[in-house]
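The values are calculated or read from the model by the stated rules, or taken from the named source; none is laboratory data. The structure presented is a predicted model; accordingly, all values stated were derived computationally and were not measured. Methodologically, a virtual Cβ is constructed for each residue, glycine included, from the backbone with ideal geometry; neighbour enumeration extends over all protein chains shown. Each accessible area value is taken on the protein alone, full model and side chains, heavy atoms only, with ligands, DNA and RNA left out. Shrake-Rupley method; radii C 1.70, N 1.55, O 1.52, S 1.80 Å.
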Amino acid sequence: KEKESRTLKDQMARVFFVSLLLCFLPGAVCFGNAAPSLVRSRAPRVPRIGRRHHQVQEPSLGYVLSLRAGATSNAPEVDADGEVCLIGEEVSCKRSWQEKAVTGGFIVLWYAASVICNQSSKALLGPGGVNAESLTIAQLIVSAFCGALVIFGFRAAPFEGVTSRPVLKEVSLIALANCLGFGLLNACFGTMHVSMVMTLRASEPLTTLVAGMALNSKTAVPPARLAALNLVVVGCALSAIGAHGPTVLGLALALACNVCFSLRNILGKSLGKTMGPFSQFFHLSWIGAIIQAGIILGGALVKGTALPPLPPASAMPTLLVNGVSFYAYLQLSWVVLSRMSAVSHSLANSLRRPATIAAALIMNPAPMSLLNYSGMVAACFGALLYGFL
């Protein structure tokens with residue numbers, strides 16, 4: 001047991017340092033925040049007035065999710081200097097090198113936390129570890145505690161409660177989609193290599209588009225974006241060719257996972273207008289933990305089986321690292337968004353997937369051909385192009 005514990009610690013240390021090295025380059029690329037503007041004309045800027053007394057509105061979760069769902073809005077967006085411009089406008093403020101360095105550091109930490117979460121999830125789901133259901137509820141519980149510590153302990157963000165029954169219903173629906181999405185994602189990790197899971201996850205814009213069109217028949221997509229989605233589909237197909245490719249079960253789990261996250265994104269658009277990202281993620285975590293507990297209990301009753309056993313004591317440190325990194329990589333995404341334009345954040349998020357794929361292949365090499373690697377590159381590039389167009 002002592003030898004296994006040392007091996008696990010060594011693997012986690014390797015994951016951390018390799019992820020930092022892999023994430024340095026894409027972090028440096030986004031570090032300059034130089035994404036071109038997608039706007040035809042500049043919006044009038046709000047003059048600076050008393051920085052200390054000026055209330056700056058934090059970018060909402062709904063704004064980011066509406067971008068991913070292909071929606072447009074005229075809600076305000078805040079740049080790093082506290083100035084406001086219309087959504088879709090270029091944030092052209094001049095940032096000091098210190099500001100850029102801090103933003104680049106947050107991006108590296110964001111990528112690193114994502115890599116650590118993925119790799120530790122894969123390690124925990126291995127032989128003799130926990131199942132996907134137990135891992136999901138552990139992630140949500142630790143995430144809820146982290147959110148409470150940030151909001152109530154460090155007071156890093158104001159707490160916004162669930163004030164009415166309609167809001168509770170809305171938050172619960174989003175929490176259900178979020179909980180199911182991460183449960184299915186963990187199930188994918190248990191059946192496939194991490195690199196394959198991340199490649200199939202690149203097709204999420206496609207499911208978001210289909211779900212958006214099903215819920216709103218007026219949704220229109222430019223031909224250029226459709227071409228980018230075709231590139232994602234072709235890339236996913238090429239990456240799955242070979243003995244290492246996903247099974248039918250793996251493909252079904254990945255598709256269902258993408259559908260859940262797409263529904264979460266679409267449902268979260270309206271809630272993000274009334275609740276900040278820290279409070280919203282806190283509510284999604286604790287409500288999601290309750291939902292996941294109900295799923296586990298209901299599954300045991302229907303199947304007539306015993307509840308899943310508690311994780312072994314040797315796995316507790318890894319579970320804690322996994323839960324903290326789970327919270328960190330999701331919350332750091334909002335921190336990075338608050339320091340750059342929406343276009344730059346979209347590019348940074350698209351570059352995160354190649355970093356996690358590369359880290360997975362370095363930590364746990366898989367027998368892949370040049371065609372498979374080409375497919376992964378095509379899928380990631382298509383997702384990047386889709387977010388940019």
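Six or more apart or on different chains, Cβ under 8 Å: which pairs go from a residue in the range 249-272 that's more than 17 Å from residue 191 (Cβ to Cβ) to one that's open to solvent by 60 Å² or more (accessible area, probe 1.4 Å)? Could you list them?
So the pair list comes out as 262/210; 265/68; 266/215; 267/173.
For residues that are of a type in the set (A, V, I, L, M, F, W, C) and open to solvent by 70 Å² or more (accessible area, probe 1.4 Å), scanning just the range 157-168, find the one that is nearest to residue 329 (Cα to Cα).
Step one: filter the range 157-168 for residues of a type in the set (A, V, I, L, M, F, W, C), giving 157, 159, 162, 167-168.
Now narrow it down to the ones that are open to solvent by 70 Å² or more (accessible area, probe 1.4 Å): 159, 168.
Numbers: 159: 20, 168: 25 Å.
Across the range 157-168, the extreme among qualifying residues is 159.
For the condition in contact (Cβ under 8 Å) with a residue 24 or more places away in the chain, farther than 15 Å from residue 274 by Cβ and surrounded by fewer than 22 Cβ atoms within 10 Å (Cβ to Cβ), what is the one hit in 125, 135, 149? Show your work before the answer.
On the way: 135 fails: surrounded by fewer than 22 Cβ atoms within 10 Å (Cβ to Cβ); 149 fails: in contact (Cβ under 8 Å) with a residue 24 or more places away in the chain.
125 is the lone residue from the list that is in contact (Cβ under 8 Å) with a residue 24 or more places away in the chain, farther than 15 Å from residue 274 by Cβ and surrounded by fewer than 22 Cβ atoms within 10 Å (Cβ to Cβ).
What's the number of the only condition in (1) surrounded by fewer than 24 Cβ atoms within 10 Å (Cβ to Cβ); (2) at pLDDT below 95; (3) in a helix (DSSP H, G or I) that residue 107 fails to meet?
Looking at each condition in turn, residue 107 falls short on (1).
Give me a count of the residues in the range 179-203 that are within 15 Å of residue 381 (Cβ to Cβ) and surrounded by fewer than 24 Cβ atoms within 10 Å (Cβ to Cβ).
If we filter the range 179-203 for residues that are within 15 Å of residue 381 (Cβ to Cβ), which is where we start, we get 198-199, 201-203.
Going one step further and asking which of them are surrounded by fewer than 24 Cβ atoms within 10 Å (Cβ to Cβ), we end up with 201, 203.
Final tally of qualifying residues: 2.
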